[in-house]
Amino acid sequence: MSIVVTGATGKLGHHVVEQLLEKVPSGQITAVVRDREKAAAFAARGVKIAVADYNAPETFDGLFTTGDKVLLISGSEEGRVVQHKTVIDAAKAAGVALLAYTSAPGSLRSALADDHRSTEQVVIASGLPYVMLRNAWYNENYTEQLAPTLEQGAVVQAAGQGRVASAARADYAAAAVAVLTGEGHAYKTYELSGDTAWSFAEYADEIGRQTGKEVTYTPVAVGTYSAMLTGLGIPEPVAEMIAGVDQAIEHGELGVIDGVLSGLINRPTTPIADSISAALKG
Ligand code: NAP
């Protein structure tokens with residue numbers, strides 16, 4: 001019996017495994033990865049490594065054991081619903097005790113959420129005890145772009161005056177760890193978001209305050225933003241989806257604050273200002 005984390009070499013997965021290591025013996029953790037090399041540091045600390053690919057169902061044969069608690073971290077590539085079904089089918093065949101899935105906020109109507117809604121249906125249809133971790137936006141979605149933002153002295157988005165109730169990846173990871181190591185979470189759907197919501201004008205001001213440089217928010221139309229992204233080499237459908245997220249932000253779909261995340265992790269979520277300062281320290 002193990003706590004099994006898929007996508008363990010991704011950014012969120014890395015936080016989850018690190019935080020699990022603080023709570024349970026390393027031998028009780030299994031990291032599911034595509035590339036064993038990328039997981040060498042976890043293996044050296046006693047974490048079990050399983051190599052599997054969402055695109056290769058046979059790699060999940062026998063991977064799970066009855067009674068495992070599994071965190072399915074959503075994939076980041078084309079064909080996610082079919083990929084996720086591979087993991088869910090294998091979890092069902094094994095009879096795992098809990099299947100937690102990193103989903104998208106219920107308030108998000110953007111196309112980006114479609115795969116997550118479909119995956120939630122597959123999870124529910126499996127009949128397994130599940131937990132939906134509906135993660136809102138990561139602070140790092142923006143702070144990882146600080147270098148170009150500072151270069152241009154501008155935060156360019158198509159979100160108008162919309163607000164984002166984001167939290168750090170580490171906060172969402174802590175929620176996953178709370179669910180995987182705690183009791184009473186089966187059949188729950190958690191809408192997880194930050195304790196505070198900020199606008200892009202406030203974000204630009206905060207970067208300026210911390211760096212002493214002039215940074216302004218330049219709101220643009222959705223079509224302009226999408227064209228700007230394709231100009232940077234991003235494929236058109238992806239650019240449209242990213243611009244669509246900004247529209248969702250303008251409509252308030254990613255600004256919902258309900259305190260569920262801070263309640264689960266028993267501490268406040270990480271303010272965007274702290275993530276800016278962490279990113280500036282590199
Ligand atoms: P990430 O760093 O891109 O991690 C994605 C993980 O999925 C990686 O470990 C990757 O494996 C794994 N993966 C992708 N395709 C796979 C496949 N075919 N088979 C097995 N593993 C596969 O993303 P993240 O920041 O950790 O976020 C986790 C997930 O949250 C993302 O995948 C995405 O669905 C979603 N997301 C949420 C937000 C948000 O703001 N809430 C933002 C971006 C993404 P490798 O390590 O081998 O590449």
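Compared with the alpha-carbon gap, the fully stretched path from E151 to A221 is longer by 23.0 nm at 0.36 nm per residue. Taken about its Cα centre, the chain carries a charge dipole of roughly 740 debye when the Cβ of each Lys and Arg holds +1 and the Cβ of each Asp and Glu holds -1. For the listed residue pairs K23/K69; K69/K92; K48/K85; K23/K92; K48/K69, the alpha carbons are over 18 angstrom apart in K48/K85; K23/K92. Listed by chain and number, the lysines whose alpha-carbon sits under 26 Å from that of K281, ignoring those within fewer than 8 places in the same chain, are K11, K38, K213.
Projecting the Cα atoms of G184, Q210, F200 onto the dipole axis of the range 171-214, where Lys and Arg carry +1 and Asp and Glu carry -1 at the beta carbon, places G184 farthest toward the positive end. Using the Cα coordinates of the range 108-194, the gyration tensor eigenvalues translate into equivalent-ellipsoid semi-axes of 31, 16, 10 Å, sorted from longest to shortest.
Counting helices only, and only those DSSP H runs with n ≥ 4, report the 222 nm mean residue ellipticity of the chain as the sum of -39,500 (n - 2.57) divided by its residues, in deg cm²/dmol to the nearest 500. Walk me through the numbers before you get to the answer.
Values: 12 runs with 121 residues, N = 282.
When only DSSP H runs of four or more count, the value is -12500 deg cm²/dmol.
Note on the chain: dipole from Cβ charges, positive end direction compared against A41, A175, T6; the farthest Cα belongs to A41. For the residues A91, A100, A186, a GNM of the chain with alpha-carbon springs under 10 Å puts the largest fluctuation on A186.
Placing a pseudo-label 7 Å from each Cα along the Cα-to-Cβ vector at A278 and Q210 gives an inter-label distance of 1.0 nm. How big, in percent, is the set of alpha carbon pairs in the range 3-135 lying more than 26 Å apart? Of all Cα-Cα pairs in the range 3-135, 17 percent lie more than 26 Å apart. Residue-wise, which Karplus ³J(HN,Hα) couplings in Hz belong to the range 134-149, taking 6.51 cos²θ - 1.76 cosθ + 1.60, θ = phi - 60°, and x for glycine or proline? Whole-Hz 3J(HN,Hα) from phi for the range 134-149: 7, 6, 6, 6, 7, 3, 5, 4, 9, 5, 6, 9, 5, 4, x, 4. Taking every C-alpha pair closer than 8 Å and separated by at least 6 residues, the mean separation divided by the residue count of the range 3-135 gives a relative contact order of 21 percent. Just checking the listed ones, T86, T269, T211: in the Gaussian network model of the chain with Cα springs under 10 Å, the one fluctuating most is T211. Look at E18, E58 and count the other Cβ atoms within 10 Å of each Cβ; fewest to most, that gives E58, E18.
Dividing the convex hull volume of the alpha carbon atoms of the range 126-168 by its residue count gives 122 Å³ per residue.
Among G233, G75, G46, the largest mean-square fluctuation in a Gaussian network model of the chain (Cα springs under 10 Å) belongs to G233.
Dimensions of the chain based on its C-alpha atoms, expressed as ranges along the principal axes with the largest first, amount to 55, 36, 34 Å. Farthest towards the positive end of the charge dipole of the chain, among the residues Q19, A147, Q83, is the Cα of Q19, using unit charges on the Cβ of Lys, Arg, Asp and Glu.
FYI, it's all coordinate maths here, none of it is from the lab. Small disclaimer: the values here were computed from a predicted structure and weren't measured. Neighbour counts are summed over all protein chains in view; Cβ atoms, including those assigned to glycine, are modelled from backbone coordinates with ideal geometry.
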